1. Whenever you get a sec, compute what percent of the accessible area on the chain sits on carbon and sulfur atoms (1.4 Å probe).
2. I want to check a number: in region 203-268, how many lysine pairs have alpha carbons closer than 18 Å, given a sequence separation of 8 or more or different chains?
3. What does the C-alpha gyration tensor say about the overall shape of region 578-690? Classify as rounded when a/c is under 1.5, otherwise prolate if a/b is larger than b/c, or oblate.
4. Just the accessible area for Thr483, please: 1.4 Å probe, Å², rounded to the nearest 10?
5. Relative to the present Cα-Cα distance, how much length would full extension add between Ile601 and Gln640 at 0.36 nm per residue of separation?
6. Is there a quick way to get the dipole size of region 584-680? I mean about its Cα centre, with the Cβ of Lys and Arg at +1 and of Asp and Glu at -1; what is the value in debye to the nearest 20?
7. Helix-derived [θ] at 222 nm for the chain: sum -39500 (n - 2.57) over DSSP H runs of at least 4, divide by residue count, nearest 500?
8. Among Ala236, Gln275, Gly336, whose Cα sits farthest toward the positive end of the charge dipole of the chain (+1 at Cβ of Lys/Arg, -1 at Cβ of Asp/Glu, about the Cα centre)?
Amino acid sequence: MLKNKFTWALGLAFCLSFNLQAQEDFRKQAPKPGPAPTIEIGDSETFKLDNGLTVILVENDKLPRVSFQLTVDVPDFSEGDKAGYSSIAGDLMGRGTKSRTKAQIDESVDFIGANFGTSSAGMFGSCLTKNADALLEIMSDVLMNPTFPEEEFEKIKKTTLSGIAQTQNSPDAIMSNIRRKIVYGDGHPFADIETEATINNISVSDCTDYYTTYFKPNISYLVIVGDMGLKAAKQAANKYFGAWKSGAVPAVKPVKVPQPEGVQVVFVDQPGAVQSTVAVCYPVAYNLNSSDYITGSLMSTFFGGYFGSRLNQNLREDKAYTYGARGGLRANDLVGNFVASASVRNEVSDSSVTEMLFEMNRMINEPLTSKELSVVKNYRTGNFAIGLENPRTVATFALNVIRNDLDEDFYSNYLKELNGISIADMSAASKKYLNPNDCYVIVVGNKSEVAKTLTKFDSDGQVDFYDAYGNEIKSMDMPVNVTAQTVVEDYIAAIGGQDKLDAVDYLAVSRVANSPMGELEVYELSSKQMNKVESFAMGGNVLNKKVIYGDQGYVLAQGQKVNLKPDELATEKMNATPFAELSFFDNEIYSSVQLSGVEQINEEEVYRIDLERVDGIKMSAFYGVNTGLKVRTVVSIQGQLVTTDYASYKDTDGILFPASMTVSGPFPMPLELVAKTIEVNPTNTEALFK
């Protein structure tokens, strides 16, 4: 009996072991691809109104909802020194009509539980089917009777300027600006960059001109998706959009895009940045009508279009340079582009460029394996099938076919075409579209640490420098006998002279700023002995206070007092002097002070000095070549860049102080601090410290 039980247990163990091993073997093998699934693209109906408006209906009665997307096929044109006006016009169009204010439009939309919005390319609305007429009446009113109210224009303009200010120090925003400017060139529609200056150039009349010029039914499409039949769609389209007047739209002459010759390295400086945003890019003739569009798209996905791509596996999984790298082709009727990008540590910026170019060459010279091709096909097939679950995807397909003059069965045969792509096809697409020898290498990062490592990539061995808005910064020669020491001496002389500064034992400055929460007041009392009192108050209530005195220091916040640790105290004391420049050459405070060159800030030539303190904090300071005054400082604190711009210097007791300081980086938007009081050697200072 025992023998039988033992034999049974042994047999069971063997079976379990065999099954587990089989499961392990199964996991090691990717599933074999099956035949391309048959895709049933939902039916769409297309008709035209007498005024030329093309209507596309995708009927779907699974839910009692319907959406209306009106798309105006505005030709691509450059907005020049008024970049941003089409976007503002599109937003402003929905802010008031001849019979409704913005508040009344919002109230009407909310009352029927709908969604509604306008843009430079049209408008979108969705609602329950029973409320379709009410929504269409609102959309029709906004489309044909906009008033472009001045007060709403000012609100949009202010919001737009705030958005620009928020992103002016964002590496991703800077990369987007510079990449478009470099790849497409000045004067191209895709190279338009919104700046404070271009937004301030825009008027309400620019917005109305945009609307009257381009919002015409004969270049527009109305896409209806949801619970609405063909008969009802025709009635609704004619009723609410039939009176829309057609008209001629001015033609736009295409702007030729120059191709890069060799590798051109472009650098945008972010002083103190601890990582770089890196991109390899160039323009390319690639659109939906390209005969190898699907093959190019698949090649692009395999190169850098998903997590398992060669680019991401190299830079993220193998080298650990970045959290994610992406790249590939982007189709456009006017001109497409290729871009590969990643955010990486400073010390591997050049290595990342090397690997990006390596992977491009590898795609050209090393064909995919059948397994690799199978995996990427499966990925794309799955994504395509999932997308079809959304009825609006079908509407987008129908719109693409009409706007791009595609074969009617373009999307029906999509997966069949995808499944038929061979390794040879992928190699041909790689050779056609990947240009590692003729491209732009763009880097946004810390010039002092990164720029010099990139010269080896440039075909002429010269890195070109640009500002954050794509304006080239011309190389400027350093004047003879100029050093970091002389620049600092000139600054001291410009603001009052060594004797005046030496006579300042205490300096008390109060500055105020308008914030979303109210008026913020910043008070700072500093001394030659490296003592400090610093407080932040809102509405008279102190939110935070810091006191440094001798070998003691504390922070008071929300009623809680916390004593500073010795290393924290040492760092704070380095920030406590009235004039930082007086200690630049103190070896106990600064371990490195270097004059890095001559640059431009807002078209002003400035000397740049790079410093590193003994506590590891890095800073760049910029001084006007002609004025000697400090223009900007950029400090890197735990990876956070804090930029302070100084302006409007005014005299107090024979010393010039900046009346305005604008701080960017640590706040959602730049904060302008305006001097309220400046006191040199105020009385009763010891009591404040103690």
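The values are calculated or read from the model by the stated rules, or taken from the named source; none is laboratory data. Keep in mind the model is a prediction, meaning the values are calculated, not measured. For neighbour counting, all protein chains shown are included, and Cβ atoms are generated from backbone atoms with ideal geometry for every residue, glycine included. In case anyone asks, the SASA skips ligands and DNA or RNA and just uses the protein heavy atoms, side chains included. Shrake-Rupley method; radii C 1.70, N 1.55, O 1.52, S 1.80 Å.
1. Exposed carbon and sulfur together represent 50 percent of the surface.
2. Details: Lys216/Lys239; Lys216/Lys245; Lys231/Lys239; Lys234/Lys245.
Pairs that pass both the separation and distance tests number 4.
3. Values: a/c = 1.42, a/b = 1.21, b/c = 1.17.
Verdict is rounded for region 578-690.
4. Ignoring ligands and nucleic acids, Thr483 comes out at about 60 Å².
5. Contour length minus the Cα-Cα distance gives 12.0 nm.
6. Here the size comes out at about 180 debye.
7. Taken over the chain, the calculation gives -10000 deg cm²/dmol.
8. Farthest towards the positive end: Ala236.
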